[in-house]
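What follows is a set of notes on a single structure, which appears directly below.
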Amino acid sequence: MDTREEILKILEERGSVLQKDLWKELKIDSSKCSRILRKLEKEGLIKRVEVVVDGVKTFKIVPAGVEEEEEEEEDFNLQAIMEKMQDVSGLPPCFGCLEKDCEAKSCLKLEVWFLKKASQI
């Protein structure tokens, strides 16, 4: 069985696979895997869907004709989760702040949080 057939068989069995996992499993270098996948995509046999896994951009390989749900990065919305945790726990927004250049003295989210807390006293 050639590499192309192996890739198509893996997709038939699993439905999808990450490109980085595919070349490791097939024991081929990433460049060769990319070339084969581009050819399969050009022939209309597969789709390569760009995803981010563990902060690294890669491709999810799916059989052509399979409708992929539009994914949020990492399959969840970290900002929404952190905001919900703050609401439930009563912790200040700094607890899960994702803003890189945020300063407490000028943070609007922190100011709003303090105002809400003050109104509950």
Bins of 5 Å, beginning at zero and ending with the bin holding the largest distance: percent of Cα pairs per bin for region 3-63, please.
4, 19, 34, 28, 12, 2, 0
Other-chain or far-sequence residues with amide H under 5 Å of K47's (modelled H)
V62, A64
Tell me, what is the percent relative contact order of region 3-63, built from C-alpha pairs under 8 Å that lie six or more residues apart?
39
HN-Hα J couplings of region 24-31 from phi, Karplus 6.51/-1.76/1.60, θ = phi - 60°, integer Hz, Gly and Pro as x?
5, 5, 7, 6, 10, 6, 4, 5
Report the label-to-label distance for K116 and K27 in nanometres (one decimal), using points 7 Å from each Cα along the Cα→Cβ vector.
5.6
The exposure ranking of I46, I10, fewest beta-carbon neighbours within 10 Å first, is I10, I46
Listed with the fewest Cβ neighbours within 10 Å leading, F114, F59 appear as F114, F59
Extension gain from V49 to C94, taking 0.36 nm per residue of separation minus the Cα-Cα distance
12.8 nm
Neighbourhood charge, 13 Å Cβ-Cβ cut-off, centred on E13 and excluding it, Lys, Arg +1 and Asp, Glu -1
-2
Order of V56, V112 - criterion: other Cβ atoms within 10 Å of each residue's Cβ, fewest first:
V56, V112
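Since every read-out is calculated from the coordinates, none of them should be taken as a lab result. Since the structure is predicted, the reported quantities are computational estimates derived from the model, not experimental observations. Cβ: placed from backbone, ideal geometry, glycine included. Neighbour counts: every protein chain shown.
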